[in-house]
Structures are given as C-alpha cells and as structure tokens.
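First the structure, in the form of structure tokens, and then the observations on it.
Laboratory data are not the source of any read-out in this text; all were calculated from the coordinates shown. Please read all numbers here as calculations on a predicted model, not as lab measurements. So basically every Cβ, Gly included, is an ideal-geometry build from the backbone, and we count neighbours across all protein chains shown.
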Amino acid sequence: MSDSKGTTAPAAWVEAPTTARLVLADGSVIVGTGLGATGSAVGEVCFNTAITGYQEILTDPSYAGQIVCFTFPHIGNVGTNTEDTETSNLAARTGVRGVVLRAGITEPSNYRSGGHFDAWLKARGIVAIAGVDTRALTALIRETGMPNGVIAHDPKGVFDLDALKAEARQWPGLVGMDLVPDVTSGQSYTWDEMRWVWGKGYPRQTAPELHVVAIDYGLKRNILRCLATVGCKVTVVPATEKAEDILARKPDGVFLSNGPGDPAATGVYAVPEIKALLKTGLPTFGICLGHQMLGLALGARTMKMPHGHHGANHPVKDFTTGKVEITSMNHGFAVNRETLPASVEETHVSLFDGSNCGIRVKGQPVFSVQYHPEASPGPEDSHYLFIRFVNAMRARKGLAALPEG
C-alpha cells in the first residue's frame, strides 16, 4: 500500500489467532497455539523435567489421566520414530491426555526421525498447546499441587470457557480412580525383545534360563526388554489375572509393573492376588505402581503427593549399598513409610524430598522400587535391580549369581 508520496506504508500488525486453551479447575485460563489433535481432554496437570525422550514419556501408560507440561522448552525437534514407543504390544492405547509446550514444533532434525511430532500427536489423538509460560505453570504446580484441567484445541479459536471451567472443576481427580483397565493388555503374550543396540536395533532373546510372569498394570516395553536382556523369558498377563492361573504357568519369579491411577483403587482386585503369590515364596519385583501395590499387599498404605515426581534426574539413595543413583521417575502417589510393618524394611529414599523409593521383605526375595530402573528416557544407573531380581531366581534354582555391576 502506498501513501500520497508514493512510498510503501508498513503492513498493519495482524495478531495470529490463538487456537488453544488450558483451563484449570480454579478458573485460570492459559492461552496458546493449538497443536496435535483438535477437541478437548480433561486430566491432572503435572510437569516433567526431562530434556530428552518426549516420545517415550508420552507413550508411557503411567501417564493415563494426565496432561504433561514439559519444562524443557524445545519438544519435538528430533521428530518421532517407530522404536521409541513404550506402550506394550497388546495394551489399550489410552494414555496421556494432553501436552503443554513452551515453543512451537520445528521441522525434525535427527537421523532416526521418521515423522513430524505434530503429525504423531494428531495420529494418537493427543491435544497440545504451545506458547505457554511453562516455567510459571511449573512454579504454580510446585506451590499449590497438581491441578485438574481441560486442554482444548480449536483451529477457529472458538471456546466455551464457562463449559471448560465447569468440566475442569467437576472432574473428580486421580484419587480413587482405577485407570489400569484402560492400559492393561487384554490377553497374555510372550516377550523376547532385548534392549536396543546402537546400529542394530532390538536383538531377540534366544536362550532364556528363567521364566518371569509380568502382571501388566500399564507396562513399559523397556522393562520387558531389560528382563529379556538378563536371561528371562517373559509372559505378560492382564492386570486381572488370578494368582492360581499365574502359578499354573510355573514362573521362576513374578514381576509387578508400573501403571497409572490410584494404587488403592487398583488394589481392590490386585492386592488379594499379590498376597496369594507372596505366600509361595517366589521372587517378586515391583516397579512404580507395582511397588505401591506390593506395599499395600504387605500391610502399608499409600498417599497422594502434592506434585509428584516426573523426570529423569531424580537422586535416590540405595541403603543396601550406600550408593546414590540418578533415576527416572513418574508417579503421583507414594508408599507411606510410617505404615510399613516390621517385616518390611525401607531400601531406597528420594534425596529430593525424602519420600520412600524402595522396600524389601526381610528374609524373602521380595522387593520393589518407586522409580523406573529401566529408564527410557533417563539414566541407566539402576539396571542392577534387574540383575538383583534375576539372582534371586537363580539362587532358588541353584544357578550361579550374575555380577550386579
């Protein structure tokens, strides 16, 4: 456009339409740009401090019922691929409800990338919002706890805020909520894929010495890979599998998996079966939700945490060795150490807040940890726990122990 002197006037500033909202239960409305799927989803808003592994995080079934706010500002830059998926083979696809980002998604730049992160979100029905001050949101969660919220994306930028506020306010939250039926496998299956090897992908276990039955409360694939890597044939069974049917498979050990929701709610049907399994003396190992439900089966109680632990840089002390390890965590509930019976000892503790991170039964090959020793994403400091579990099984069979280091 030219003025009377023939010079070109600057174009008027046009504000890009905001196409997404994050509405919290207290009525707060956060405005941003929509990405991923259109529509809306309600859930508990948590923050995750990991700087890598966003695809693994968003396919972790433990995030069912949650909206994840990433503290790292650049998410999606390395694209997506077919290998970094943590949802187990036959599990339902329900998981994370939404994603909150600081910056928009750039074009992928990584030799392993097979697609754009935005397209990946769309394909999985995950709603995302970008342009959010994630530092401020994280500070809010740390100060006041994980709020319930609704994340909404409309390309036209049209929202019924009153309805979204009501939905966020009326959602009951995760306390008392059993989400395991949404993510467990519908049938049993076997697993022989081992941990990823650079340039080779995932090799297969061809000569297992031990048989583990893994109860799927929302299993991550890398847990199964870690078990296969240390010499196990793994049979995965649904969360509702009866103890007698598990024992009929003649396992050398039982694994209790991670998963979402309130452990006390899932424990209504899972804890009686765990108690029956414990009576056999079989080596038993639990992770995350499996740790919490083992605690319940042993007589302890669980509790909701204010903002939980979600990230890949959490320091934990192992009292059995005196070592400190950096771990990957994802949980909003914890075992209350004050309720542990005398027959159970605390083995691990968080060095961030002092919360319980591990237990074992005195004199029995039964133990569990709150964090994720399989990583994906995260450090590999805690892989020794899989060997510890294997050695408990090997001892019962008269086999030589493997070195933990």
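Tabulated data for the structure shown
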{"quantity": "Selection count, region 235-287, where residues are more than 19 Å from Ile359 (Cβ to Cβ) and among the basic types (Lys, Arg)", "calculated": "3"}
{"quantity": "Helices (runs of 4 or more DSSP H) lying entirely in region 115-202 (those with 1 or more residues that are touching a Phe, Trp or Tyr at 6+ places or on another chain (Cβ under 7 Å) and of a type in the set (A, V, I, L, M, F, W, C))", "calculated": "134-144, 180-183"}
{"quantity": "Residue match in region 129-147 (condition: farther than 17 Å from Gly53 by Cα and in contact with a helix residue (DSSP H, G or I) (Cβ under 9 Å, 6 or more places away or on another chain))", "calculated": "yes"}
{"quantity": "Identity of the residue in region 246-273, part of a loop (DSSP other than H, G, I, E, B) and over 24 Å from the mean Cα position of the chain (by Cα), that ends up surrounded by the fewest Cβ atoms within 10 Å (Cβ to Cβ)", "calculated": "Lys250"}
{"quantity": "Top-ranked residue in region 124-143 [being touching a residue at least 24 places away in the same chain (Cβ under 8 Å) and out of contact with any strand residue (DSSP E or B) (no Cβ under 6 Å at 6 or more places or on another chain); ranked as farthest from Met293 (Cα to Cα)]", "calculated": "Asp133"}
{"quantity": "Breaking point among (1) among the hydroxyl-bearing types (Ser, Thr, Tyr); (2) within 22 Å of Met305 (Cα to Cα); (3) surrounded by 20 or more Cβ atoms within 10 Å (Cβ to Cβ), for Thr144", "calculated": "(3)"}
{"quantity": "Unique match (being free of Cβ contacts under 8 Å to residues at least 60 places away in the same chain and either surrounded by 14 or more Cβ atoms within 10 Å (Cβ to Cβ) or in contact with a Lys or Arg (Cβ under 7 Å, 6 or more places away or on another chain) (or both)) among Leu351, Leu278, Leu289", "calculated": "Leu351"}
{"quantity": "One residue from Gly218, Gly199 being surrounded by 21 or more Cβ atoms within 10 Å (Cβ to Cβ) and over 17 Å from Pro251 (Cβ atoms)", "calculated": "Gly218"}
{"quantity": "Residue among Val158, Val197 that alone is of a type in the set (A, V, I, L, M) and closer than 30 Å to Leu256 by Cα", "calculated": "Val197"}
{"quantity": "Residue in region 213-221 that is hydroxyl-bearing (Ser, Thr, Tyr) and farther than 23 Å from Val335 by Cβ present", "calculated": "no"}
{"quantity": "The listed residue being closer than 23 Å to Leu179 by Cα, touching a Cys at 6+ places or on another chain (Cβ under 8 Å) and buried (at least 19 other Cβ atoms within 10 Å of the Cβ), out of Pro377, Pro373", "calculated": "Pro373"}
{"quantity": "Residue under evaluation Gln170, criteria (1) within 29 Å of Cys288 (Cα to Cα); (2) surrounded by 15 or more Cβ atoms within 10 Å (Cβ to Cβ), criterion not met", "calculated": "(2)"}
